[in-house]
Amino acid sequence: MDSEKKIYDNPRKVIAEALVDLAKRDDRVVYVSCDSSLGASGGPFNKNFPQRHFEFGIQEQNAMGEAAGLAVSGKIPFIAAYVPFAAFRCFEQIRDDVCKTRLNVNIMGNNCGFSVGPLGPTHVIIEDVGVIGSVPNITIISPADGPQYREAIFKAAELDGPVYLRVHRQEARRIHGDGYSLKIGRADRVLEGDELTIIATSTMVANSIDAALMLKAKGISAEVINMSTLKPLDRDLVLESSSKTKKVVTVEEHSVVNGLGSAVANILATSGPALLKKIGIEDNFAVVGEYDELIDYYGLTAEKIFDKIQDFLHREEDDENSNRL
Amino acid sequence: MEEKKKNRLKKVAAGLRQDIIRMLCLAGSGHPGGALSMTDIFSYLYFGDVLNIDPNKPDKKDRDRLVLSKGHACPILYAALAEKGYFDKSHLKTLRKFGSILQGHPDMNKTPGVDISTGSLGQGLSCAVGMALGARLNGQSLKVFAVIGDGECDEGQIWEAAMAAAHYNLDNLIAIVDKNGLQIDGFTKDVMDTEPLAEKWKAFGWEVATIDGHDYDQIEDSIQKAKNASGRPAVVVAETVKGKGVSFMEGVCEWHGQAPSEEEKEEALKCIGEFKTD
């Protein structure tokens, strides 16, 4: 499409570096892991700050409680585990020990979406935003690129309350510039347009930008919003953009139940006069496959997003979508 | 323990028992059995010069911490905190009421003197392990006490935390198991047998003492030894009587989670009064 050289970042590496930089300037920062950290974001932290790295083995419920205990002792824990174990296994510990108490515990859900497609649905979680989002007091950050991942670490530590950070395994295409500053609760308009609003998160921001450029070639002006905070959602920008375009498409590598699309629908249903199409994964367990196969199978490539948006714009009946809400 | 101190602590315990009965009767619901079983130990911890705490500075940095993992027993915690002066005793009348600072389970953001919120069984010991790790990292010499139930030892997370505490050699952590032998559905040995309980803790790498949880000499001896543990965490398995001090509640399963009526309250206060002069 465009001839500009594209830069990609490995989210795990970006986070690993950011955590070390953060820990250098703030000695309250500690790292809590559950036997899956050294190859993820914990290796460099462990090397630099072995005394501040607490490994709890395959005990996520225990580790989450201990993170809460560390936080009441004045520490700023970052706890990492695969999404199913970070978000689901210890759900009650997150709810009671971390959120009800409003502690500065930062939970990193590694390998969100189809990151580890071949492992199958025990490890491929497409419901985490809905599950974690149902708990009061927690902030959900879902970065799209390297600069956002880096910023998310610093801003999560700064925010005096619990954060759930979704970490994808795929190399992330750079969307934002080096001096990028993330504001929690504020989305970024990454492409301007006035006929259609595309709201996307995580991996789907890059694909949505590509889809929007294809639409542009067809003479359709689409705005793309990178919704990197999923809770609280940037209500103002959703309303501002949708009142201009009157048409909204949400795109997420997540279930269409209780994800980004549902959150946007809640806003539009009460306040915004706009049509909505939710693009995401059906209410189902994921099939097994490699990342690219799954993205294609579930219609989340730029080309398939483009096709779906064209259908939507032609106001074709979309029976699948009408069943979902 | 000196007779004088013992008598003072027994007197305090009787007062705490009376407060528990009065507040539960007013609340109309709650858990007397597992609160009464912990009363002598709480009397010792809070009024026997054990905990380094200051009710005028509830957030004092180097204070000792107490985690009531069996959070439903909070009437004993609230009674002790009120007696200690963390808040006015009149609050005890508001237990479990709308807008009260005394919630159905301990809430650190609502009640002065509560170090961490608890309530869902099995979770508190992990928080205590985190607090002990945090204190060590902070260079603080404080102790973290965690009070857990024997029924609560059914929960797998208790044993995860036990494993982690020993792994990290947390000799600043002291667990107290309220082994009153009963849980909601009956005797613990029938519902889910946790025996041999002391041996299990030993096998997990803890220093273990098994005591009569109503004998002040044994309470003092075991807690002091636990405070001096070196290189590993210590647990006091306190054999107690659920409902202790109120004869018609003692060892009766139904008094796990049922408030006394007005008449039962009067009878209970009479029992406690008699016990006090013992």
**Report entry** DSSP beta bridges in the protein assembly as shown [antiparallel fraction, %, rounded to 5]
**Finding:** 15
Query raised in the report: Do any of A:K75/B:K189; B:K97/B:K189; B:K11/B:K70 go past 29 Å between their Cα atoms, and which?
Result: A:K75/B:K189; B:K97/B:K189
Report summary line: For segment A:124-210, listing trypsin sites (Lys or Arg not before Pro) in a DSSP loop whose Cβ sees at most 13 other Cβ atoms within 10 Å gives A:K183
Report summary line: Straight-line reach check, A:K246, cutoff 20 Å on alpha carbons, 8 or more apart in-chain or any other chain, hits among lysines -> A:K216, A:K218, A:K277, A:K278, A:K308
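Tell me what chain A gives for mean residue ellipticity at 222 nm when only DSSP H runs of n ≥ 4 count, each as -39,500 (n - 2.57), the sum divided by the residue total, rounded to 500 deg cm²/dmol.
Counting only the DSSP helices, I get -10500 deg cm²/dmol.
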Query raised in the report: Counting alpha carbon pairs within less than 8 Å and at least 6 residues apart, what relative contact order, in whole percent, applies to chain B?
Result: 23
Report summary line: Applying the gyration tensor rule to the Cα atoms of segment A:200-250 (axes a ≥ b ≥ c; rounded if a/c under 1.5, else prolate if a/b exceeds b/c, else oblate), the class is oblate
**Report entry** Relative contact order of chain A, defined on C-alpha pairs under 8 angstrom at six or more residues apart (%)
**Finding:** 16
Query raised in the report: In which sequence would B:K4, B:K143 go, from the one with the fewest C-beta neighbours within 10 Å to the one with the most?
Result: B:K4, B:K143
Report summary line: In this structure, the FRET efficiency calculated for B:D49 and A:V131 from their beta-carbon separation, with R0 = 45 Å, to the nearest 0.05, is 0.45
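Below 12 angstrom from the Cβ of A:I220, what's the summed charge of the other residues (Lys, Arg +1; Asp, Glu -1)? Numbers along the way, then the final one.
Numbers: positive: A:K216, A:K218, A:K247; negative: A:D194, A:E195, A:E223.
The answer is 0.
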Query raised in the report: What does the convex hull of the Cα atoms of the protein assembly as shown come to per residue, in Å³, rounded to a whole number?
Result: 162
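According to the square roots a ≥ b ≥ c of the eigenvalues of the Cα gyration tensor, what is the shape class of segment A:188-324, taking rounded for a/c under 1.5, prolate for a/b larger than b/c otherwise, and oblate for the remainder?
Rounded is the answer for segment A:188-324, as its axis ratio a/c remains below 1.5.
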Requested in this report: Place +1 on the Cβ of every Lys and Arg and -1 on the Cβ of every Asp and Glu in segment B:24-176, take the dipole about the Cα centre, and give the residue among B:A27, B:L125, B:L137 whose Cα lies farthest towards its positive end.
Outcome: B:A27
Query raised in the report: What are the aspartates and glutamates whose alpha-carbon lies under 15 Å from the alpha-carbon of B:K242, with same-chain residues fewer than 8 places away excluded?
Result: B:D40, B:D150, B:E152, B:D178, B:D185, B:D212, B:D215, B:E250, B:E254
**Report entry** Over 24 Å (Cα to Cα) - which of A:K100/B:K200; A:K231/B:K60; B:K10/B:K244; A:K100/A:K231 fall in this group
**Finding:** A:K100/B:K200; A:K231/B:K60
Report summary line: Quick calc: nm separation of the 7 Å Cα→Cβ label points for A:D178 and B:Q258 -> 7.3
Query raised in the report: If you take the beta carbon distance between B:K6 and B:F248 as r and set R0 to 25 Å, what does 1/(1 + (r/R0)^6) give as a FRET efficiency, to the nearest 0.05?
Result: 0.45
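Kindly put B:M23, B:M131 in sequence by how many other C-beta atoms sit within 10 Å of each C-beta, fewest to most.
With the fewest neighbours first, B:M23, B:M131 line up as B:M23, B:M131.
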Query raised in the report: Projected area of chain B, taken from the Cα convex hull and averaged over every viewing direction, in nm²?
Result: 13.1
Report summary line: Counting only DSSP beta bridges with both partners in chain B, the antiparallel fraction in percent, to the nearest 5, comes to 10
Report summary line: For segment A:228-273, whose charge dipole is built from +1 on Lys and Arg Cβ atoms and -1 on Asp and Glu Cβ atoms, the candidate among A:L230, A:G259, A:S243 with its Cα farthest towards the positive end is A:S243
Report summary line: Listed by chain and number, the residues whose amide H is under 5 Å from that of A:N10, excluding neighbours fewer than 5 places away on the same chain and using placed H, are A:A172
Query - Positive minus negative residues near A:I58 (Lys, Arg vs Asp, Glu; Cβ under 11 Å) - result: -3
Query raised in the report: Let a ≥ b ≥ c be the square roots of the eigenvalues of the Cα gyration tensor of segment A:9-173; is it rounded (a/c under 1.5), or, if not, prolate (a/b larger than b/c) or oblate?
Result: rounded
Query raised in the report: Using the beta-carbon distance between B:K225 and B:K84 and R0 = 30 Å, what value does 1/(1 + (r/R0)^6) give for FRET efficiency, to the nearest 0.05?
Result: 0.75
Report summary line: Taking every other residue with Cβ under 13 Å from the Cβ of A:V83 and scoring Lys and Arg +1, Asp and Glu -1, one gets -1
Report task. Restricting to chain A, compute how many DSSP beta bridges are antiparallel as a %, nearest 5. Result -> 15
**Report entry** Dipole of chain B, positive end: most advanced residue of B:F187, B:G85, B:S37 [Cβ charges, Cα centre]
**Finding:** B:G85
Requested in this report: With a cut-off of 20 Å, note down the residues of segment A:167-188 whose backbone N falls inside the zone around a label point 7 Å from the Cα of A:K216 toward its beta carbon.
Outcome: A:173-178, A:188
Report task. Treat the count of other C-beta atoms within 10 Å as a stand-in for reagent exposure and order B:F98, A:F285, B:F47, A:F114 from fewest to most. Result -> B:F98, A:F285, B:F47, A:F114
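Just so you know, all these numbers are worked out from the coordinates, no wet-lab data involved. If you're wondering where the values come from, they're calculated on a predicted model, not measured in any experiment. FYI the Cβ positions are ideal-geometry reconstructions off the backbone, even for glycines, and counts take in every protein chain you see.
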